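Report on one structure; see the data block that follows.
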Amino acid sequence: MVGSAHAAMAQVHIGYLPNKSVLGLSKFARIVEVFARRLQGGTGFGSCLQTCDRPCIVVQERLTKQIAAVLMDVLKPTGCAVVIEAQYDAVS
């Protein structure tokens, strides 16, 4: 089975209940960008090539979990939530 290319536009929503550490808004954007680029070897969230019938969904789920995990590990908040809203279009 051959994967297909998809382009995605996404918004990432992050919420957390600080315990002792508070992070500035620019740091959240940086965390999201680092993980989005890392997922596809530098090509970013919008270009997912995999041999899966739902490649972008898998990438979105993994990205969501990675962002939440790093926030929990580094900030140790009372709680956090990460939601990604994305729209996918096939690229021909």
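The values are calculated or read from the model by the stated rules, or taken from the named source; none is laboratory data. Since this is a predicted model, take the numbers as computed values, not measurements. Methodologically, a virtual Cβ is constructed for each residue, glycine included, from the backbone with ideal geometry; neighbour enumeration extends over all protein chains shown.
Structural remarks
- Qualifying residue in the stretch 31-50 (condition: in contact with a strand residue (DSSP E or B) (Cβ under 6 Å, 6 or more places away or on another chain) and at pLDDT 80 or above): yes
- Those residues of the stretch 3-19 which are within 21 Å of residue 87 (Cα to Cα), among the hydrophobic types (A, V, I, L, M, F, W, C) and at pLDDT 90 or above, in sequence order: 12, 14
- Exactly one residue out of 60, 66 is buried (at least 19 other Cβ atoms within 10 Å of the Cβ) and modelled with pLDDT of 60 or more, and it is 60.
- Failed criterion for residue 22 (all others in (1) at pLDDT 80 or above; (2) surrounded by 12 or more Cβ atoms within 10 Å (Cβ to Cβ) hold): (2)
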